[in-house]
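Some notes on the structure that comes next.
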Amino acid sequence: MTWPSRNPRHLSRQRVFITGAGSGTVACATAVDLTDHEAVRTMATGMHARGDAMDVVMNVAGISVRGSVTGLRYRHWRLVVEVDLMGPIHVIDEFVPPMTEAGRGGHLVNVSSAAGLIGLPWHAAYSAGKFGLRGVSEVLRFDLRRYGIGVSLVCPGAVDTPLTGTVEIVGVDPDDPAISRLRARFRRHAASPERVANAMTDSQPGPAARTRPRWAA
């Protein structure tokens, strides 16, 4: 398994979890800013130099900024689209072509959101990225079929990830007790990340799921 992330401490925890559980081997864990195409290219070049093309690529990273159109500023729109849409596109651009050239098939998994399926109040910037990723995924499902590469789009609802504690709500004090109560209520009803991850991995069909695949997540 190859695991890029922007957070070195998160990488370290995940490496320990994966290897400690005896469920896999982490060949490479690299901290990278997915909004930086050159950085993603450098990462991909290094990974491909260590071995062959990936069998499964998963775009999971994301952020969220919420607010009304009168509260959101251009920097909010740009940041969310850069991470939630252009980040996955950078990964696709660097990792999927080698998969087509390898000729083994494989699978691409893009994590969008329920906000990529329906419009929700104060989610305009977030939905811009997630609807875009949905569109890319639906097109690639057709374009990559000839190479035996499947494409899955995951659109979860409430999931209790660290994003719940870092989401920026423009014009709202994050320390307001009412906001803390809303976050606590959300977490009570949200699915665990482990449950969602298991559903994602269990649902991937094709040869990559029947072998010992090289993953980039």
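Test of understanding: ordering LEU85, LEU163 by Cβ neighbours within 10 Å, fewest first, what list do you get?
Working: LEU85 22, LEU163 12.
With the fewest neighbours first, LEU85, LEU163 line up as LEU163, LEU85.
Dipole of segment 54-216, Cα-centred, from +1 at each Lys and Arg C-beta and -1 at each Asp and Glu C-beta, to the nearest 20 debye?
Values: 19 positive and 15 negative charges, 70 e Å.
Around 340 debye, computed over segment 54-216.
I'd like to compare 46-53, 35-42, 129-136, 179-186: which one has the highest average count of other Cβ atoms within 10 Å, and what's the full order after that?
129-136, 35-42, 46-53, 179-186
Taking the Cβ of each residue in VAL81, VAL56, VAL172 as the centre, tally the other Cβ atoms inside 10 Å and list the residues starting with the fewest.
VAL172, VAL81, VAL56
In nm, what is the difference between 0.36 nm times the number of residues separating ALA184 and ASP33 and their Cα-Cα distance?
Numbers: separation 151, 0.36 × 151 = 54.36 nm, distance 2.97 nm.
Extra length from ALA184 to ASP33 when fully extended: 51.4 nm.
Restricting to Cα pairs below 8 Å that are 6+ residues apart, what does the relative contact order work out to for segment 73-176? Please round to a whole percent.
32 percent
Values in this text are rule-based calculations from the coordinates and carry no lab data. Just so it is clear, the model here is predicted, and its values are computed rather than measured. We place every Cβ from the backbone using ideal geometry, glycine too, and count neighbours over all the protein chains shown.
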